[in-house]
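Below you'll find the structure, written out as structure tokens, and then a few comments.
The values are calculated or read from the model by the stated rules, or taken from the named source; none is laboratory data. What you see is a predicted model; the values in this text were computed from it and never measured. Because the Cβ atoms are built from the backbone with ideal geometry, glycine has one as well, and the counts that use them run over all protein chains shown.
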Amino acid sequence: MRKKVSNSTMLALITEGVMASRVELHRLRQMIRRGQQLVENSKQKEHIYEEAGDLVASIPDRLEALEKNLNRTAYALSQMGRKDLRTQITVDDRDLVDESVKGLPIVDPDAEERYKERGKRHRKASAIRVASLFASIKG
């Protein structure tokens, strides 16, 4: 006979998976930043951009899309689990938590910097493509 799994258990397992994925995403983002630094400091930078500029420019965008999906999923899970968790703690604890989080700003300190960098990458990749196109037409 199979055991019945509670909603709390299912939510906890899914949430754990989402959080673990967010940690891996963070690690991947660090590795990619390191790779971008290596490209920027390389003597072969122009060649790398000529051959793989689209990859250098698009990988961070894919990471951003993945992060957006994980954030949406985490938010959905938090909303689904909210009612369930509220019923499992005392009224005093609920009030304490509600009052504690009321005025907290929810900000990702790296978000603004990522958006600035993303714009720079797109402009740079576009400039390289235009320069390559111009060179091929001219030459």
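Listed by position, the helices (runs of 4 or more DSSP H) enclosed by the stretch 32-139 that each have at least 1 residues that are modelled with pLDDT of 85 or more, surrounded by 10 or more Cβ atoms within 10 Å (Cβ to Cβ) and in contact with a Ser or Thr (Cβ under 7 Å, 6 or more places away or on another chain) are 45-86.
Which of the residues spanning the stretch 1-56 are of a type in the set (Ser, Thr, Tyr) and either closer than 27 Å to Ala76 by Cβ or in contact (Cβ under 8 Å) with a residue 60 or more places away in the chain (or both)? Outline the logic, then answer.
Start the filter on the stretch 1-56 by keeping residues that are of a type in the set (Ser, Thr, Tyr), which leaves 6, 8-9, 15, 21, 42, 49.
Ser6, Ser8, Thr9, Thr15, Ser21, Tyr49 - these are the residues of the stretch 1-56 that are of a type in the set (Ser, Thr, Tyr) and either closer than 27 Å to Ala76 by Cβ or in contact (Cβ under 8 Å) with a residue 60 or more places away in the chain (or both).
Consider Leu25 carefully, then state whether it is surrounded by 11 or more Cβ atoms within 10 Å (Cβ to Cβ), more than 30 Å from Gln88 (Cα to Cα), modelled with pLDDT of 90 or more and within 12 Å of the chain's Cα centre (by Cα).
In short, yes.
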